[in-house]
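Shown next, in C-alpha cells, is the structure this report addresses.
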Amino acid sequence: MATKIQRLWFVDKLGKIGIIEKATRATTKDGYTTDWKSITQVKPVRIYAISRDMDLSIFEMTNTFNQVPEEYHEALVYKAIAMGYKDPRNMDLKTAQYFDNEYMIAVKEGKKFSKNNYADVGFTRPQDF
C-alpha cells in the first residue's frame, strides 16, 4: 500500500511559490534542521490565484505594467515632485531640493530593505496532490 505524502506550499516575499513535503527523517541544511524537504516528484500543477494590478510603465505606451514594490512608491513620488519643481515653467529650486532629499532618504531605506535578504515570517498551508 502506498503511503500518502504530506505536501505544503508557501509564497515568499518576492511572490515565488515553494512546494515542500514531509521528510521521513530530519533534513539538515546550512545548520538548520527540519522535518520538511524539497519535493521528490515533479507533476503538473494548476494554480488559481488572485492578483493585483501592477504599476504603469513609463517606458512603453502600450499600457503594460511593471511590478514595483510598495516600499519604493513613496520614493518615486518624491522624485517626480522634485523633477516638477526643476522644470523651467515651475522653477522652485528650494522646494525641489527638499523633495530630492526626501527621495534620497527613501532610497536609503529601500537599499536597507533589499539587503535584509527578504527575511520574512512565512506560513505553510497543507495541500493534497
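Computed from the coordinates by the stated procedures, all read-outs in this text should not be read as laboratory data. All values reported here derive from a predicted model rather than from experimental measurement. No Cβ is skipped: glycine too gets one built from the backbone with ideal geometry, and neighbour counts run over all protein chains shown.
A few notes on this one:
- For a modelled paramagnetic label at residue 101, 7 Å from Cα along Cα-to-Cβ, the residues of the range 75-95 in reach, with backbone nitrogen under 14 Å, are 93-95.
- By the beta-carbon count within 10 Å of each Cβ, the least crowded to most crowded order of 98, 32, fewest first, is 32, 98.
- Entries in 16/79; 13/43; 4/29; 79/111 that, when Cα-Cα distance is taken, lie over 20 Å: 16/79; 13/43; 4/29
- Cα-based convex hull volume of the range 7-50 per residue, rounded to whole Å³: 94
- Relative contact order for the range 7-50, counting Cα pairs under 8 Å that sit 6 or more residues apart, in percent: 28
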